Amino acid sequence: MIVQKFGGTSVKSVARIKNVAGIIARAALTDKVVAVVSAMGDTTDYLVKLAHQASHSPNRRELDALLATGEQISAALMAMALNELNSPAVSLTGAQLGITTESIHTAARIVDINTERLRRHLDNGLVVIAAGFQGMTPEGDTTTLGRGGSDTTAVALAAALGASVCDIFTDVSGVYSADPNIVPTARLLKEISYEEMLEMARVGAQVLHPRAVELARKHQIPVRVRNTFDPDHEGTILKGVDGMEIYRPVSGVTVDRDQARLAILKVPDRPGVAGEIFGALADHRINVDMIIQAFHEGRSVNDITFTVKRSDLGAARQALNEAAARTGAEGVLADEDVAKVSIVGAGLMDQPDIAAQMFSALGRAGINIKMIATSEIRISCVVSDKEAERAVNLVHDLFHLDERE
Ligand code: ADP
Ligand code: ASP
Ligand code: MG
């Protein structure tokens with residue numbers, strides 16, 4: 001049994017849906033197939049836009065009800081196209097797939113999948129076309145899994161069904177050393193560890209949803225990233241690092257432009273203040289990243305700087321202004337002209353000079369580093385958004401990521 005997933009560009013039009021139906025039908029000749037589909041092209045963006053025309057702040061339950069329809073359209077059309085190829089298929093929504101999620105609208109996590117109905121259809125010889133990106137609460141309300149969440153549907157179904165492989169078909173040939181649409185010399189990686197892929201996905205490599213990679217790692221699902229428009233290409237395979245002794249110091253470089261920087265200035269230096277500030281942000285469900293606290297010599301106050309998603313900036317600024325008033329901080333600064341450029345590699349931890357090389361190269365190119373954060377296998381620099389593409393290309397060249405392994 002295999003799971004395949006086709007993203008938005010792969011099912012952008014009826015012609016492309018027919019093309020994908022051909023790929024699925026071919027797989028169905030030898031395997032039981034569950035194919036997860038995304039909404040056609042930019043449908044989800046369009047639906048979000050409609051929602052904001054109908055309401056200033058759309059009710060999240062209704063937003064989910066609306067957004068889930070995008071995937072339902074492509075699933076039904078895909079099943080029709082397969083039936084046309086004499087490959088009997090049935091489309092199922094998230095609820096019909098038995099996917100139960102938390103009751104957190106627009107960013108729900110999957111808690112359980114009841115595969116009974118799914119297995120029955122497969123046993124009856126049908127291809128199951130699954131509407132991606134959605135589930136249902138225990139009360140029966142429709143939820144969505146967060147943008148890019150169809151990848152997560154695919155890996156979760158593969159885990160629940162014990163599928164032998166989960167093929168993520170997209171519009172590029174696999175995972176590259178950088179976004180091939182930004183770095184022309186990016187090299188296709190034949191394999192990458194779950195850990196590196198997870199880190200890359202979290203810091204902007206949009207090709208896979210981070211939660212999908214997390215699930216794949218947890219259940220050790222062999223995930224392949226492949227090209228819908230070149231389906232015979234092997235693509236990239238995700239695997240565990242066990243048994244690999246030589247790590248690449250740098251596997252990839254990513255950029256995340258959906259970033260903004262906030263600072264709360266001269267916060268009194270006393271226990272509990274940071275908890276109060278970040279508690280206020282958490283109450284508004286705002287995820288915070290790259291926190292830096294800097295001490296003012298002899299003044300008993302600190303500046304605290306951090307990054308958030310650009311789309312959260314308005315809400316974050318408001319929460320921070322309130323926290324500033326409560327804690328006696330001097331003020332709040334916001335900076336939208338930021339992007340996060342990161343290098344990821346399992347071998348980074350053994351090579352302390354890599355960070356210095358990255359910072360020096362950016363410096364030589366006149367690119368100012370606004371913030372720095374590191375993990376065991378990642379180094380991230382916040383730079384001006386205007387410099388981001390140049391920075392990515394420069395770092396890619398610096399570590400010769402275009403060269404063969
Ligand atoms: P889908 O609609 O199939 O889910 P996405 O647009 O979500 O596709 O993801 C595919 C895109 O991810 C590619 O077109 C590419 O521009 C981008 N991308 C970013 N980083 C990488 C990378 N390291 N390797 C491959 N693609 C990447
Ligand atoms: N259609 C959804 C989105 O655009 C989910 C997905 O494509 O993965 O975010
Ligand atoms: Mg995607």
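The values are calculated or read from the model by the stated rules, or taken from the named source; none is laboratory data. Just so we're clear, the structure is a prediction, and the values are computed from it rather than from any experiment. Don't worry about glycine lacking a Cβ; one is built from the backbone with ideal geometry, like all the others, and counts go over all protein chains shown. With ligands, DNA and RNA removed, areas are computed over all heavy atoms of the protein, side chains included. Shrake-Rupley method; radii C 1.70, N 1.55, O 1.52, S 1.80 Å.
Against the definition (within 10 Å of ligand 2 (Cβ to nearest atom), open to solvent by 30 Å² or more (accessible area, probe 1.4 Å), under 26 Å from Val172 (Cα atoms) and not basic (Lys, Arg)), how does Met1 come out, yes or no? Give the steps one after another, and end with the answer.
Working: within 10 Å of ligand 2 (Cβ to nearest atom): no; open to solvent by 30 Å² or more (accessible area, probe 1.4 Å): yes; under 26 Å from Val172 (Cα atoms): yes; not basic (Lys, Arg): yes.
In short, no.
Considering only region 185-206, state which residues are within 13 Å of ligand 2 (Cβ to nearest atom) and open to solvent by 40 Å² or more (accessible area, probe 1.4 Å). Please lay out each step first, then the result.
Start the filter on region 185-206 by keeping residues that are within 13 Å of ligand 2 (Cβ to nearest atom), which leaves 201, 206.
Gln206, the sole residue that qualifies.
Restricting to strands (runs of 3 or more DSSP E) lying wholly in region 67-150: which have 2 or more residues that are more than 16 Å from ligand 2 (Cβ to nearest atom) and at pLDDT 95 or above?
Correct list: 89-92, 110-113, 127-131.
Could you tell me whether any residue of region 63-70 is in contact with a helix residue (DSSP H, G or I) (Cβ under 6 Å, 6 or more places away or on another chain), within 13 Å of ligand 1 (Cβ to nearest atom) and open to solvent by less than 60 Å² (accessible area, probe 1.4 Å)? Give the derivation first.
Filtering region 63-70 down to residues in contact with a helix residue (DSSP H, G or I) (Cβ under 6 Å, 6 or more places away or on another chain) leaves 63, 66-67, 70.
Next cut, within 13 Å of ligand 1 (Cβ to nearest atom) only: 70.
Now drop any that are not open to solvent by less than 60 Å² (accessible area, probe 1.4 Å), which leaves 70.
Taking every residue of region 63-70 in turn, at least one turns out to be in contact with a helix residue (DSSP H, G or I) (Cβ under 6 Å, 6 or more places away or on another chain), within 13 Å of ligand 1 (Cβ to nearest atom) and open to solvent by less than 60 Å² (accessible area, probe 1.4 Å).
Scan region 190-219 and report the pairs whose first residue is closer than 15 Å to Thr374 by Cα and whose second residue is more than 12 Å from ligand 1 (Cβ to nearest atom) and at pLDDT below 95, with Cβ atoms within less than 6 Å and a gap of 6+ or a chain change.
Glu196/Ala346; Glu199/Ile377
Just to be sure, is Ser360 open to solvent by less than 50 Å² (accessible area, probe 1.4 Å) and at pLDDT 95 or above?
Values: open to solvent by less than 50 Å² (accessible area, probe 1.4 Å): no; at pLDDT 95 or above: yes.
Judged against the criteria, Ser360 is not a match.
Considering (1) touching a residue at least 40 places away in the same chain (Cβ under 8 Å); (2) not in a helix (DSSP H, G or I), say which one Thr374 fails and leave the rest.
Evaluating Thr374 over (1) touching a residue at least 40 places away in the same chain (Cβ under 8 Å); (2) not in a helix (DSSP H, G or I) leaves (1) as the failure.
I'm trying to understand the selection: among the residues of region 374-392, which are of a type outside the set (Ser, Thr, Tyr) and surrounded by fewer than 18 Cβ atoms within 10 Å (Cβ to Cβ)? I'd like the intermediate steps shown before the answer.
Let us first name the residues in region 374-392 that are of a type outside the set (Ser, Thr, Tyr), namely 376-379, 381-383, 385-392.
Of everything in region 374-392, those that are of a type outside the set (Ser, Thr, Tyr) and surrounded by fewer than 18 Cβ atoms within 10 Å (Cβ to Cβ) turn out to be Glu376, Lys386, Glu389, Arg390.
Can you list the strands (runs of 3 or more DSSP E) lying wholly within region 279-349 that have 3 or more residues being of a type in the set (S, T, N, Q)?
Numbers: elements: 289-295, 301-308, 331-344.
Hits in region 279-349: 301-308.
Output the number of residues of region 155-176 satisfying the condition of being more than 10 Å from ligand 1 (Cβ to nearest atom) and outside any loop (DSSP other than H, G, I, E, B). Please lay out each step first, then the result.
So the first thing to find is which residues in region 155-176 are more than 10 Å from ligand 1 (Cβ to nearest atom), and the list is 155-167.
Adding the requirement that they be outside any loop (DSSP other than H, G, I, E, B) leaves 155-161, 165-167.
Total satisfying the criteria: 10.
Identify all residues within region 157-172 that are within 15 Å of ligand 3 (Cβ to nearest atom) and either open to solvent by less than 20 Å² (accessible area, probe 1.4 Å) or of a type in the set (Gly, Ala, Ser) (or both); write none if there are none. If you could, list the steps in order and put the result at the bottom.
Start the filter on region 157-172 by keeping residues that are within 15 Å of ligand 3 (Cβ to nearest atom), which leaves 166-172.
Those that are within 15 Å of ligand 3 (Cβ to nearest atom) and either open to solvent by less than 20 Å² (accessible area, probe 1.4 Å) or of a type in the set (Gly, Ala, Ser) (or both): Cys166, Asp167, Ile168, Phe169.
I need a count of the residues in region 151-184 that are in contact with a His (Cβ under 9 Å, 6 or more places away or on another chain), more than 16 Å from ligand 2 (Cβ to nearest atom) and hydroxyl-bearing (Ser, Thr, Tyr).
2
Take the conditions touching a residue at least 40 places away in the same chain (Cβ under 8 Å), open to solvent by less than 10 Å² (accessible area, probe 1.4 Å) and either more than 21 Å from Ile104 (Cβ to Cβ) or not basic (Lys, Arg) (or both) and apply them to Ala81. Does it pass?
Details: touching a residue at least 40 places away in the same chain (Cβ under 8 Å): yes; open to solvent by less than 10 Å² (accessible area, probe 1.4 Å): no; either more than 21 Å from Ile104 (Cβ to Cβ) or not basic (Lys, Arg) (or both): yes.
For Ala81, the condition - touching a residue at least 40 places away in the same chain (Cβ under 8 Å), open to solvent by less than 10 Å² (accessible area, probe 1.4 Å) and either more than 21 Å from Ile104 (Cβ to Cβ) or not basic (Lys, Arg) (or both) - is not met.
If you go through region 118-156 one residue at a time, how many are within 15 Å of ligand 3 (Cβ to nearest atom) and at positive phi?
The number of residues fulfilling the criteria is 3.
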